[in-house]
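**Q** Here it is, the structure, as structure tokens.
Where a number appears in this text, it was derived from the coordinates with a stated rule and is not lab data. Everything quoted here is computed from the prediction, not taken from an experiment. Here the Cβ positions follow ideal geometry from the backbone for every residue, glycine too, while neighbour counts run over all protein chains shown.
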Amino acid sequence: MKTPQVKIVEVGPRDGLQNESTLLSAEQKASLVNRLSDTGIRHIEAGSFVSPKWVPQMANSDEVFSLLTRHQGIHYAALTPNLKGLEAALQAKADEVAIFTSASETFTQKNINCSIRDSIERFVPVVETARKHDLPVRGYVSCILGCPYEGNIPHAAVIEVVKQLLKLGCYEISLGDTIGVGTSKQTKLLLNALLREVEASQLAVHFHDTYGQALANIDQSLDAGIRVVDASVAGLGGCPYAKGASGNVATEDVVYMLEGNGISTGINLQDLAHVGNEISNTLNRRNGSKVGMALSSRRIQESTALPKTS
């Protein structure tokens, strides 16, 4: 298989499941991660060490990590909002951790009860401790193209937060269109401004598909030189600020687009679609991947087709 030209970061087991109403057991979550690792995905967010009071879907992440069938070359990451979360991630032997803030002051206050500046300061001991353990730290910036409270977000606000997280020691910053309102032109304008300050190799993109713009925005990001894309199998996860709307872009849809455009991902799309259908059935939800639905429908048609007669 060709060396992947674009790295997919699978966030379904974390960002996806934490926005699903159905609670899964640790065994079910670990099975999902293990199945995803068999498809060729090499970077998976397997859990989140946050307070179960606020995110009950992630309450058993320590057990999930203990149940994983680990494979060489696959990175199992965890979200860690504070030092306590990092210590839990270290005990669980996570391969990487992530910290998160926002480009919107109001969103940061509503989400983690502090200012952007305070959120960055809180991460200092987290990053310092992670470095002592040679643990890579990834940063997330929410609301890069819009906020449910403030509306449009100035480019300067996004650039400032990205630069602060990089200075703090994050090796990569994932740019999140949290409410999925951005368009390809808006994405292009933001990246044009951002890439005058930082390198494309330091950035990833995390587009939600609330308004059906995620693939177009990802394509625009690829044109800008970004080669890391976050996605969620079966489009797991909704948008908490748009009831009933889709959330994360589906990994199957991203892989189909990339491979169809001659960009290798190292992922077996048929296997991935099967995992997406299975987890959708487990959650009793509609598969959020258009590609997954299409492949499933085609398989059903092929399996029920009448045999040709001579």
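**Q** Run down ARG117, ARG122, ARG138 and say which single residue is among the basic types (Lys, Arg) and free of Cβ contacts under 8 Å to residues at least 40 places away in the same chain.
**A** ARG117
**Q** Does ASP219 satisfy being surrounded by fewer than 23 Cβ atoms within 10 Å (Cβ to Cβ), over 30 Å from LYS163 (Cα atoms) and either touching a residue at least 24 places away in the same chain (Cβ under 8 Å) or among the aliphatic types (A, V, I, L, M) (or both)?
**A** no
**Q** On the basis of being out of contact with any Ser or Thr (no Cβ under 9 Å at 6 or more places or on another chain), closer than 20 Å to LEU165 by Cβ and surrounded by fewer than 19 Cβ atoms within 10 Å (Cβ to Cβ), does ASP95 make the cut?
**A** yes
**Q** Let me ask something additional. Can you tell me how many residues in the range 151-187 are of a type outside the set (Val, Ile, Thr), within 16 Å of ILE218 (Cβ to Cβ) and in a helix (DSSP H, G or I)?
**A** 3
**Q** Which of the numbered conditions does THR129 fail, given that it passes all the others? Conditions: (1) touching a residue at least 60 places away in the same chain (Cβ under 8 Å); (2) more than 11 Å from CYS170 (Cβ to Cβ).
**A** Status for THR129: all satisfied but (1).
**Q** Against the condition crowded, with 16+ Cβ neighbours inside 10 Å, over 25 Å from ALA77 (Cα atoms), touching an Asp or Glu at 6+ places or on another chain (Cβ under 9 Å) and of a type in the set (Val, Ile, Thr), how does THR187 come out, does it pass?
**A** yes
**Q** Can you tell me which residue is surrounded by the fewest Cβ atoms within 10 Å (Cβ to Cβ) among those in the range 145-174 that are touching a Leu at 6+ places or on another chain (Cβ under 6 Å) and under 24 Å from VAL11 (Cβ atoms)?
**A** Restricting to residues being touching a Leu at 6+ places or on another chain (Cβ under 6 Å) and under 24 Å from VAL11 (Cβ atoms), the top hit is ILE159.
**Q** Taking only the range 55-69 into account, find how many residues are over 19 Å from the mean Cα position of the chain (by Cα) and surrounded by fewer than 15 Cβ atoms within 10 Å (Cβ to Cβ).
**A** Residues that pass the stated criteria total 2.
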